[in-house]
Structure formats: C-alpha cells, structure tokens
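All remarks here apply to the structure that follows.
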Amino acid sequence: MTNRPTTKTFSTWEAVIGIETHVELSTKSKMFCGCPANIPDEPNTACCPVCLALPGALPVPNEQAIEGIVTIGTALGCTINESSLFYRKNYFYPDLPKNYQISQYTFPVCEFGSLDVEVDGTSTTIGITRVHMEEDTGKSSHVGGGDGRIHDADHTLLDFNRAGVPLVEIVTEPDIRSPEQARAYGAELQRIMLALGVSDAKLETGSMRFDANVSVRRVGTETLGTRTETKNVNSLRSLQRAIAFEIDRQVDVLEDGGVIVQETRHWNEDTGATSSMRTKEESEDYRYFQDPDLLPLEVSVQWRDRIKASLPELPAQMRARFRGAGVDAATAEILADSPDLAGLFETAVAGGAPGKLIGNWLTGEVIAWSRREEIDVSESDLTAEHLIELATMMNDGKLSSTAGKDVLTAVMAGEGTPNEIAVARDLLQVSDEGAILEAVDTVLADNPDAVDKIAAGDSKPIGFLMGQVMRHMGGKADPTVVQQILRDRTRGE
Amino acid sequence: MADLADLTIAEAGVGLRRGEFSSVDLLDAVTRRASITEAQLHAYLTLDGQGARMAAESADAAFADGKDVGPLQGIPIALKDNMCTKGVTTTASSQILAGWKPPYDATVVQRLKAAGAVLTGKTNLDEFAMGSSTENSAYGETRNPWNPNHVPGGSSGGSAATVAVGSAFGSLGSDTGGSIRQPAALCGVVGMKPTYGLVSRYGLIAFASSLDQIGPFSRSVADSAVILDAIAGWDHYDSTSIDGPVPNLAGSLETGVKGLKIGIVTELMGEGIDPQVKAAVSTTATQLASAGAELIEVSLPSSEYALSAYYLIAPAECSANLARFDGVRYGHRAQVEGTAEDMMAHSRAEGFGPEVIRRILLGTYALSAGYYDAFYGQAQRVRTLVRNDFAAAYEKVDVLISPTSPTTAFRVGERAADPIAMYYSDVCTIPSNLSGDPAISVPIGVDDAGLPIGFQIMAPALGEEILYQVASAVESMAGFTQRAALASSEVVAP
C-alpha cells in the first residue's frame, strides 16, 4: 500500500470525520457510589460493594457529576433535557465489574450543541450530537507480553479504582473535514474542559480520550462512505496523525477498487498506522435497555438556569477579549491557554498597562525564563503589579526596551521590584530635559561641522550627534528625548 | 404449655416484656424446632447459631437495662439467602456463590438488627429466586411442612417453611412474581409483598430489579405489619426506594370491612383455578360481604397477557443482573486454560443451574437487536396495560381479591420437567409485581388433602393500611388456626 500525501488526496476525495470524546469528571466521588473519584496509585484501594458490583449493590447517581455534565452541555450550547434516562450497555469484559456499563442511549442529558473551531484563520462550526453521562471501567494491565497488549500476555492484572468514575461522552456530527480541524476541535474541547474546571482533561493519563470516526467520499457526492472507528488515540498530535493515516488508507483502498470494511481500528503510535481490531460482524450487540435500578434523571429548569448563570468565561470569549486588549490571535491563544499567564495579563491590563507590551513580555521573556529555569510562572516572583510598574517605567522612558527585558527576567528570579533592580543595576535612563539639554549643547559646541551640515539640509550627522550625546551621558539618556532635543536645537540654528 | 416456638411475635413480645421467658429461650425454642424438622424440611441453608445467640443475649441485656427498641426486640427472624449478611454465607442457592461471605449487610438486615431482631440464619430458595417450588436450589429442595412429599412453593420456600414449622417467628422473603405470596399460600402462613419502593432492595441479590420487592412472612397479619414496619422506608442506597412517609401499617387492623368496596377479579377465578381453591376463596368473599363489604366483580383484561410479559421482562433484567457473576472478583471460578473470556464463560456454565441458564438465555434473546421491540418492548407495553387495568379497577373498588395460587402445594418433582406449568403457578400473583402494588396472602383453610389455601388481597400503591385492614378481617373470619403437620409436637427426628 502506498502512502500518498494527504494534501494530494484532497483534490478528488473529501474526508468526513466525527469524533467521540470521553472525559473523566474530577468529582469528589464516583458516579454511583461514595468512593473517591480521584484515583489512588495503589490498585484496588478505592472500591466498595457498588463499584465492584458485589451481589445486591445498587447505584445512586452523583449530583456533582450531573452538575458537571450540565455545565459541559451548557458550554457547548446544548439543549439540556429536563428528564433523561440511564441505560445498561451489556458486554462482558473482565475490567467491567457488572459486565454492563451504566450509560445513556435515547434521551441523553444534553443534545443539539455546537463548537466553533478555527484552522488557518477559517472558522468552522462543528455540530455536537449529544453529551451523555456514563461510568468508566476498571483498568486491565496485560502482563508478560511485549507491548502490553492482550495478544501475547500471559496474565492480566485488574485495578478497579477507576471503575465507576464519572465519564462524559461528547459526540460530534460528521462535520469535520480534515485532520487539522479534528485536532483543532480536540484542542478547543480540552481548553473548555479546563476552563470549566470539570476535568483535568489529561490526554496522557486518559482522563480525556478520543475515538475518531472516519470515512471518505468523492468531492461533490452527498452520500456518506463506509466509516471506520479508530481507538487508542492518546494525544492531539495522534488524533491528527491517525485521521490522516486513515484517510489515506481508505482512499488507497477505494482507488485500488476495493471496499472499506466497517470496523474498529487501533492506532499504533510507534508505527504511525491503524490496524483492524474487529469488524462490524464481530462487534457486540449491546442489548441496551433502561436501567431499572435508576429513576429518570431530572434536571430542573432552576438547576439548569443556575448552572448557566454561573458558567465561567469560555476560552473563545477570553481570546476575543484579549485580542480586544491589543494582542494578536496567536498571542491571545497562548495567554488564554495558560491560566497563570491569562491571570497576569488581565490584572496588568486592568491596572492600565498596555496589552500589546504585556502580551509580548508574557509570551516572550516570561515563558522563555520559565522553560529555561524549569520553574512554573506561578512559582516565580513575578506579579501583575511588577508588570504594571515595569510598563510604567517603560512608558516614562526610564528604561530602554532591552533593559526592560533584563529587569523582567530579574524580577522573575526574585531580585526585587523593577525599580529596585533598575537602580541596583544602574539601568535607569535620564529623561530629565535639563540634563540632556546641557549635554546636547556641549556636543553641538564641540561639533560645529556637523551642525553646519544639518543646517544645509543633510540629516545624516544627527545619528553621529545622538551617539555623542549618549556617550556623554553614559548611555542612560532616553534616546527619544535626546533625539527630540537634538532636532529642536539643530533646526533652531 | 404450648411450645414457645409456636407463639406469634405479638405473644412472644408480651412474654418477653413480662419476663416470662427470655430472647435466648425463644432462640432455643426455634433452634430445637429446627433440629427436629430440618432433616425433612431443609428450610435453612445456614444457621448462624453463634450470631443469633449473641443477638439474643444482647436483646435480653437490653430488656434488663430497660431498653426497648420495639416489638421485634429479641424475636428470632430468618432471612432468605438472597439478602446480604455481613460475614455470614450468602449464596442465593447457587453454586456460583458457594461459600461467599458478603462484606456488608443489606439495608433490611441493618434495620432488623437495629430493631433488636435475632437473625437465626439463611433460608433456602430457588436459585437466584427463579422458581415457584424451591426445587431449583443448588443445595437441595425444601419440602412442605404440611406434607413433605409436596413442595413449599417458591422461590422463598425456605422462609415460608421456617415460619410454618416454627423454626423462626417470622422471616423475610423476596417477591418478584409471587415468590413471597405463593409459598405463603402453600405453607399456610401470611406472606406480604409491599408497594415497590417501600422497602430498600440494597443488598438483595437482584433477580429482576423493576419487580423485586422484599417482604415479611409471619403467622399472623399483625405480625406481618410489625415486621414490615421495621424494614420499610426510604433508603439513600436504593434510588428506587420511595422518599416519603411510610403508611400507617397497624393502624386499621381491627376496623373491619364495613362499607369497603371489594373487587373479585373474574379472570383469576376462572379456568385453571383448582375448584377447591375457588370454593374457599368464594366462601371468604361471601363472609366479607356479610361483614358489610360491597363485593363487586372486576375485570383485569390484560391479566391474560401478564404472565407472558413477566416471563420476558424478568429474564431480560436478570440477563444483565446476573452478568456480574463471572468468576473474576468473587464466587466460583472455573479452572480452565485459555483467555479471560473462556474463564468467565466456563465459570458461568458451571456455576449456574439449568433454570437460571434458561432465563438468562431467554432474556438475552428478548433484548437482542432485531427482537427487542417484538419481545421486551411489547412486554413493557403490556406492563403499561396491566397498570392501566389496575388503575381503572381502583376507581371502582378499594381492594381486589383472588386466590393466591391456582392450586395448593403440588408434589415434589411434579412440575420440575414442565417449565410452563411451573410458570403458571404465578398467574395470580404476577399482575401486582407488574403494577408495583402491594398484595398479601392470608391462609383461609385447607383442601381435601389437608394442604393450605391462600387468599390474596391487592391494594393500590402505598395502600398498605387498607390492605392490612382487609387482611386482618379475612384472618379473623377464616379463623384458620391449624398448624403444619411437621410443627406438631409428635414429630420426632427420623
């Protein structure tokens, strides 16, 4: 099979992509019992009769989890159903204690939402089909095999700490058209989860995970092609790569006259390829039916409205606000993605500092220092007050822009306030007109030739005179002020 | 003097409080009775002698200290072996749970303990409560105390038999399609299924969650109300339990039936009902009319389909409820080479008995893609019709009456090979499970063979007060005082 570049295939083929995202909620307790949802490292230490599915145990829904899913649905512009139903999804697997998962089927908590994503400046609206509530499974560790997969393992260890952790599934319409859009969707969804504070949304630990449904069709056709579902996608980069691979694979199969088999495929990060896990014929009949242990889930209008009213600012709203404060789109995104930077930016700008300057500092020197020193910005000594003070000093011409950056770095390292550092390092510029005037007059008197040339219309010697004045003042004069006075003085001759 | 083991809870309570005997004396009496009868009956799977003695001693100590938590204090009570008891083997009569000791108490067990009851042990049942004769137990069948050649009914046959024979003063059973009322009828005791949600199911090993309900067996209607009162009420751990006031259970026991409208269900008095059973029920109905009740013939047209609907809904739910028994975390694990899936499949095949496997397969099929609508979906629609029928009936009458079981106790083995005949045992009791309404069986007499006949009273949801009111009237009118043959003092160990 040849691997042709994705860009090439798009001339005749169009990808149709939908994404299912699972998000573990960071609630205090599990979905249907009182065990902690914050999973301890020691296996099987956060378990009880309910989440181990002991005989006779019954589920009781977690109100905080319901609040979480309603918050997510509200942020995604969904309709919140006043009454929704829990179903049993039946399948046998050793790490699924009841051998059915409590999930939702018809009548999920949230439906009919959307999310806007931007790729290369173009915004696309991705429809959200549904957001439903379910519970996580335990974890299987396959031991004895080479790559931790089940096929060549000689035994399996089970940890039920994760079993029953609240899980929200977010399903899109097949509105995504490219791997890049898919990645942008995943990234934006992750930002929203973090902004809402409902999940730690870590892809690497699996507290947020994606399944990608991919099909291709000839450009211009309306009917959908046969789709595959790719699992085990553990990063945004993998999401993009796995989808790109799957599009290429499907196009190759079709161009070679083959047919796409509806199946579940497994993404292998190391080989950069998907492989077949099971076909539709082998797939489970989940025998969904309404869970008789649980009553319909009621979300009152009052509850729904209260959640809506207390919804925090969403990342897109924050980015728009930051752009309004004078930063470009890329800077706004970096700031909005970091609560620490966003907080510093907002407080500094609210304190009168210019947005563009603060944005540049934060995304430039501040991030660079943090990476170099391997210290979180929040762990550094930098405060918004420092930024305001420093910006004011810049504005007053007390520091050169280079000196300003040095001072910023020193502030982060804990050397003191900007003024203390500027004084200690002797970086303060003189912008006192009297002192500069005196130096200018001395320099002009010493250089009559230059003065004459300027008077004759040749402005080149201005630079020379600037240098002389600065040298005279030990390099600490505000160049803007020096230049202004020089011009005034020479013009006036 | 009568044997202490034959007292009602009310009588025992009086004696305890007068200091005529102790809780330990009561426990000794039922233990002695069990030692005489168990060889023939096999009503108990586990006798918790040590736990019971400690509980009896602490009840006696409480009495001595002047502490009295209520009418069950010091009373020996038995539990169906599908209710979890912390540290005491709980098997649901299945090999798959052989030797399993739960790490927690069911809510009803906690409540009985809190009420001062002395829990004697765990009684036999049809495996996972699936059956109507207690023959489907992996640990051997229970026999009828009136005639050991006959079945005690089921699935709570053990709990019914202990109360009938005097090896417990009362007991708890669970009723999914009649599993309390039918064995109560066949064993000549009072058996009551409360309104769905009145008693917590937490810790009851589920058969069919939307139908299962725990309720009491007793030797009198008043005792039944006392036990129910101790276990009823909202429980945080059961989302389907009713969050509201518990009906006043004992309040109307003596008020009679004058002016009440009583509906006799025509569909449950026709073909398929044994003539002697029918005659006895008619006699009692006539007595109710003589006592001032208005007797009205009422039709429940959908009851014809109730049995079929039940045998789709219950197996469907059980197919998921019993999925957890897979040998992974507890219970029987097959020793097989191969994958985890092989181990799970073999554990289940080895651990479950034939009736359980039959119902799991039925239920799995009924829920399968392409069949769901025709089977499970259709059954749910019938369930709605049954509810509607009951609602319409209760527009006209206060309670409904019928036989509890179409026949008296059948012979051991008689229906074992014919599941449909066995399923028909529940024809009179299943409608109340589908509607979720309370119902009670009160013994009213015996047939020519000397086997007891049960009279069923049904009431609307949370109508326990009027249910007990009518049951109490039936009890006194029937004047049924006969005791099971095995309970008589002439019985000796074989």
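The values are calculated or read from the model by the stated rules, or taken from the named source; none is laboratory data. This is a predicted model, so every value here is computed, not measured. Using ideal geometry, Cβ is built from the backbone for each residue, glycine included, and neighbour counts are taken over all protein chains shown. Areas reflect the complete protein model, heavy atoms only, side chains present, ligands, DNA and RNA absent. Shrake-Rupley method; radii C 1.70, N 1.55, O 1.52, S 1.80 Å.
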Can you compute the charge dipole magnitude of chain A about its Cα centre, using +1 on each Lys and Arg Cβ and -1 on each Asp and Glu Cβ, nothing else charged? Give it in debye, rounded to the nearest 20. 860 debye
Whole Å is fine, so just give me how far the alpha carbon centre of region B:379-395 lies from that of region B:401-466. 19 Å
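By the gyration tensor of its Cα atoms, with a ≥ b ≥ c the square roots of the eigenvalues, what is the shape of region A:7-307: rounded for a/c under 1.5, prolate for a/b over b/c, or oblate?
On the way: a/c = 1.81, a/b = 1.29, b/c = 1.40.
In terms of gyration-tensor shape, oblate.
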How tilted is helix A:236-255 with respect to the longest principal axis of chain A? Cα atoms for both, answer in degrees (0 to 90, nearest 10). 60 degrees
From the phi angles alone, apply the Karplus equation (6.51, -1.76, 1.60; θ = phi - 60°) to region B:72-85 and give each ³J(HN,Hα) in whole Hz, x where the residue is Gly or Pro. 8, 4, x, 9, x, 10, 9, 10, 4, 7, 10, 10, 5, 10
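Once A and B are treated as a pair rather than alone, how much accessible area drops out, both sides summed, in Å² to 100, probe 1.4 Å?
Details: alone 24070 and 18070 Å², together 39410 Å².
What A and B bury together is about 2700 Å².
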Ignoring ligands, DNA and RNA, what percent of the 1.4 Å accessible area of the protein assembly as shown is carbon and sulfur? 51 percent
Under 1.5 on a/c is rounded, so check that first for the protein assembly as shown, then, if it is not, pick prolate when a/b is larger than b/c and oblate when it is not; a ≥ b ≥ c are the square roots of the alpha carbon gyration tensor eigenvalues. prolate
Given H placed on each backbone N at 1.01 Å, which residues far from A:ASP291 in sequence or on other chains put an amide H within less than 5 Å of it? A:PHE86, A:TYR87, A:ARG88
Report the GluC sites (Glu not before Pro) located in region A:333-415 that are in a DSSP loop and have at most 10 other Cβ atoms inside 10 Å of their Cβ, or state none. A:GLU374
Given H placed on each backbone N at 1.01 Å, which residues far from A:ARG265 in sequence or on other chains put an amide H within less than 5 Å of it? A:GLU229, A:THR230, A:LYS231, A:MET277
What percent do you get for the relative contact order of chain B when only Cα pairs under 8 Å and 6+ apart count? 18 percent
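Of A:LYS30/A:LYS202; B:LYS80/B:LYS101; A:LYS202/A:LYS308; A:LYS28/B:LYS101; B:LYS101/B:LYS122; A:LYS98/B:LYS122, which ones are farther than 20 Å apart at the Cα? If you can, show how the numbers build up before the last one.
Values: A:LYS30/A:LYS202 18 Å; B:LYS80/B:LYS101 15 Å; A:LYS202/A:LYS308 25 Å; A:LYS28/B:LYS101 30 Å; B:LYS101/B:LYS122 12 Å; A:LYS98/B:LYS122 25 Å.
Table pairs above 20 Å Cα-Cα are A:LYS202/A:LYS308; A:LYS28/B:LYS101; A:LYS98/B:LYS122.
What range in chain B is the longest one free of GluC sites (Glu not before Pro) that are in a loop by DSSP and have at most 11 other Cβ atoms within 10 angstrom? Walk me through the intermediate numbers first.
Working: sites that count: B:GLU20, B:GLU254, B:GLU271, B:GLU337, B:GLU490.
Answer - B:21-253.
Residues with beta-carbon under 14 Å from that of A:GLN190, excluding A:GLN190: net charge, scoring Lys, Arg +1 and Asp, Glu -1? Write out the running numbers ahead of the final one.
Working: positive: A:ARG183, A:ARG191, A:LYS202, A:ARG209, A:ARG237; negative: A:GLU24, A:GLU188, A:ASP200, A:GLU204, A:GLU333, A:ASP337.
Overall, the nearby charge balance is -1.
Given a Förster radius of 25 Å and the C-beta distance between A:ASP252 and A:THR226 as r, what FRET efficiency does 1/(1 + (r/R0)^6) yield to the nearest 0.05? Mind showing how you got there, number by number?
Details: r = 14 Å, r/R0 = 0.58.
With a Förster radius of 25 Å, E is 0.95.
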Regression test value, accessible area per residue of the protein assembly as shown, probe 1.4 Å, units Å², expected 40 Å²
Find the cysteines in chain A that fail to meet the 4.7 Å Cβ criterion with every other cysteine, and list them. A:CYS33, A:CYS35, A:CYS47, A:CYS48, A:CYS51
Starting from the amide H of B:ILE264, placed 1.01 Å from N in the peptide plane, find each other amide H under 5 Å away whose residue is 5 or more places distant or on another chain. B:ILE296, B:GLU297, B:VAL298, B:ILE401
Region A:446-461 - phi-based ³J(HN,Hα) in whole Hz, Karplus 6.51/-1.76/1.60, Gly and Pro as x: 6, 10, x, 4, 4, 4, 5, 4, 5, 4, 7, x, 8, 8, 4, x
So what's the gap between the Cα centers of region A:353-417 and region A:225-275, to the nearest angstrom? 46 Å
With the 8 Å Cα cutoff and a minimum separation of six or more residues, chain A has a relative contact order in percent of 14 percent
Whole-Hz ³J(HN,Hα) for each residue in region B:191-203, computed from phi via Karplus 6.51 cos²θ - 1.76 cosθ + 1.60 with θ = phi - 60°, x for glycine and proline: what do you get? x, 10, 9, x, 3, 4, x, 6, 10, 4, 8, 4, x
Enter the angle in degrees (range 0 to 90, nearest 10) between the Cα long axis of helix A:401-412 and the first principal axis of the Cα atoms of chain A, meaning the one along which they spread out most. 50 degrees
Residues from region B:232-271 losing no less than 50 square angstrom of accessible surface in the full protein assembly compared with the chain alone, 1.4 angstrom probe, ligands and nucleic acids excluded, are B:SER239
Compute the long axis of helix A:384-395 from its Cα atoms, compare it with the longest principal axis of the Cα atoms of chain A, and write down the angle in degrees, 0 to 90, nearest 10. 30 degrees
